[in-house]
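Please treat every number below as a calculation from the coordinates, not as lab data. Please read these numbers as outputs of a predicted model, since none were measured by experiment. Note that we place each Cβ from the backbone using ideal geometry, even for glycine, and neighbour counts take in every protein chain shown.
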Amino acid sequence: MNAPSTTANEDLFAYPQDRACPWQPSPGYQDLGRQGPLHRVRLWDGRWIWMVTGHSQARRLLADPRMSADRSRDDFPSVLPRLDAPIFKPIAIIGFDPPVHDVHRRLLAPDFSLKQVRAMRPHVEDLARRLVADMLREGPPVDLVEAYALPIPSMVISELLGVPYDDHEFFEAKTVGLLQAKSAEDAERAGRELWDYLDGLITRKEHEPGGAGVLSRLASEVDEDGDLTREDLLRIALALLIGGHDTTSQMIALGVVTLLEHPDQLAALRADPGVLPAAVDELLRLVSITDVSGVRVATEDIEIDGEVIRAGEGVLVSSSMTNRDSGVFPRPYEFDVHRTRGGNAASGRQHLTFGFGIHQCLGQNLARMELEVAFSILFEGIPDLRLGVPLEALPTRSGGTMQGVHTMPIEW
Amino acid sequence: MKVTADRSRCMAAGHCAISAPDVFDHGEDGLVVVLDAEPGEERRREVEVAEDLCPSRAIAILRSGAVGGPAEAGAPDTVG
Ligand code: HEM
Ligand code: SF4
């Protein structure tokens, strides 16, 4: 079992560690990856968990029903202090095992389907064009996060859910407060404010049935004795609101940085717009914005690659490192938009940036569409875009797993 | 080749319809629908990509004779 804070644990690799380069995993993870696919690492609370850096091992474990995602279990590892906040314990969908997971996920599947996402695309393109026009009018320097990378996913998720975009400053700030909190208390405080806000919003939707958006539809399906209680709906609303904009906005920002720092790749993308979907998946692979594909706890002993993961032991799958398994991705540290040239339309999707198994990201098709639109319209509208500060001076996030920049000054 | 898609496992990730659009699509509920259960051999590669990418192991190619599940099912077949 996983004994807390033993001297043996103190010799283990301390997780997490900050990146030295915005699109490459921390140098320490790169060393670990060279030593094999499975590692024991030490967490902030002195416990240790398995860290998986091999691609096939990661897929096997994430698809294994003996691995639980249930955050309310006592043995579920808390990778960061903020994850000890009570609000995170029963986080909807992502933190539930079947059968509840599957029921809630299927309730949402129609809203996040490929068809739905394709139908939304022209609208998102208009939005991106409007934001580019605003930046051009304002003139350089501009903070790309505030002016472009955040408003796109934030407006999209608020329209999809039926959350008033007028409240965006509030829900964006509280989401960052929740996701970047250094303590469980701070995370809980930000989370409760979001919870109360969504509670009020859902009450309004209950009084005015037939409104637009997923939350209105679900509000009419609430049944205290059925598959969706009001509390379930609130938890789902919270998960979608926080899951839907921070990840995508930071991926837009770091994706733009990565393209600017690889002018040959940006030129290849410009030369052939048909490369765009493959370039987006290559950027998703390389940047691995969440750095983690999933965290689980084993409910039975599981043998894998000559090791045994015991019941009760925690497992963390590193997306940044599994995405650099050279058995799957030759020259894994290189950014190459033509990586899958000649392959199947979907062959660039082997990366684990969106996870694997039944919890693989619900919003992935939406995120891919937003990224395609964001990159293409930005570089079309501002062809001579450049960073306003040296790469080393970008204020990057630190101390957590979710990557990103606080601000991103750009010029042209 | 014969292909099957288990709707009770599908999590609507959509890879199958991107990989092999003539073989798989999605219904109104977002879940997989098989358009062509016996695609020709020329589609084998794209169907294999779909089988490989499907995160919830819903897609299977029935190989001649034996019923072969995805190579990486990984766990005993006790999933409900
Ligand atoms: C670039 C953007 C995004 C990245 C990198 C990302 C990453 C991930 C990852 C790695 C998981 C799996 C976690 C696990 O297995 O424990 C996940 C799940 C999830 N994501 Fe995303 N995500 C992104 C965008 C979105 C968007 C736009 C939404 C929309 C609301 C969203 C909603 C969700 C939900 C609801 C789940 C839980 C799915 C489940 O448990 O079945 N994500 N995401
Ligand atoms: S790839 Fe698998 S999970 Fe995704 S839609 Fe197809 S069958 Fe469903």
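Summarised in one figure, the compactness ratio Rg/Rh of the stretch A:307-371, Cα atoms and Kirkwood Rh, is 1.03.
Proximity of backbone amide H atoms, modeled 1.01 Å from N, is registered between A:R40 and A:M51 at under 5 Å, excluding neighbours fewer than 5 places apart on the same chain. Starting from one equal scatterer on each C-alpha and no solvent at all, send me the Debye-based log10 I(q)/I(0) for the stretch A:271-315 at q = 0.30, 0.31, 0.33 Å⁻¹, two decimals. Summing over Cα pairs of the stretch A:271-315 leads to -0.99, -1.02, -1.08. Cα centroids of the stretch A:339-412 and the stretch B:1-38: 27 Å apart. Electrostatic bookkeeping for A:R137 treats Lys and Arg as +1 and Asp and Glu as -1; over the other residues with beta carbon under 14 Å from its beta carbon, the sum is 0. Partners of A:K205 within straight-line reach, counting lysines whose Cα lies under 25 Å from its Cα and excluding those fewer than 8 residues away in the same chain: A:K174. Built from the Cα atoms of the stretch B:2-67, the convex hull projects on average onto 4.0 nm², one quarter of its surface area.
Does the stretch A:356-412 come out rounded, prolate or oblate by the C-alpha gyration tensor, with a ≥ b ≥ c the root eigenvalues, rounded set by a/c under 1.5 and, if not, prolate when a/b is larger than b/c and oblate if not? Cα axes put the stretch A:356-412 in the oblate bin.
Computed extension length for A:D199-A:R230: 10.2 nm, one decimal, from 0.36 nm per residue of separation with the Cα-Cα distance subtracted.
Put in order of Cβ neighbour count within 10 Å, fewest first, the listed residues A:C361, B:C16 become A:C361, B:C16. Using the Cβ-Cβ distance between A:V308 and A:R386 with R0 set to 41 Å, the FRET efficiency from 1/(1 + (r/R0)^6) comes to roughly 0.20. Charged neighbours of A:Q30, selected by a Cβ distance under 11 Å, balance to +2 (K, R count +1; D, E count -1). With both labels modelled 7 Å from their Cα along Cα-to-Cβ, the A:E334 to A:Q35 distance reads 2.9 nm.
What the Cβ-Cβ distance of A:R270 and A:A20 gives, at R0 = 30 Å and to the nearest 0.05, is a FRET efficiency of 0.55. Each 10 Å bin from zero holds the following percent of Cα-Cα pairs in the stretch A:6-405: 4, 22, 33, 27, 12, 2, 0. Think of each Lys and Arg Cβ as +1 and each Asp and Glu Cβ as -1; about the Cα centre, that makes the dipole of the stretch B:2-67 roughly 280 debye. Over the C-alpha atoms of the stretch A:92-228, the Rg to Rh ratio, Rh being the Kirkwood estimate, stands at 1.01.
The HN-Hα couplings worked out from phi for the stretch B:30-47 by the Karplus form 6.51 cos²θ - 1.76 cosθ + 1.60 (θ = phi - 60°) are x, 8, 4, 10, 8, 8, 9, 7, 10, x, x, 4, 5, 9, 4, 4, 5, 5 Hz, whole numbers, x standing for Gly and Pro. Model label sites at A:D167 and A:E206, defined 7 Å from Cα along the beta-carbon direction, differ in position by 1.5 nm. One Cα centroid belongs to the stretch A:71-146, the other to the stretch A:199-252; the line between them spans 13 Å.
The alpha-carbon positions of the stretch A:284-412 define a convex hull whose volume is 164 Å³ per residue. Around A:R339, under 12 Å between beta carbons, what's the net of Lys plus Arg minus Asp minus Glu among the other residues? Spelling it out: positives minus negatives among the neighbours equals 0.
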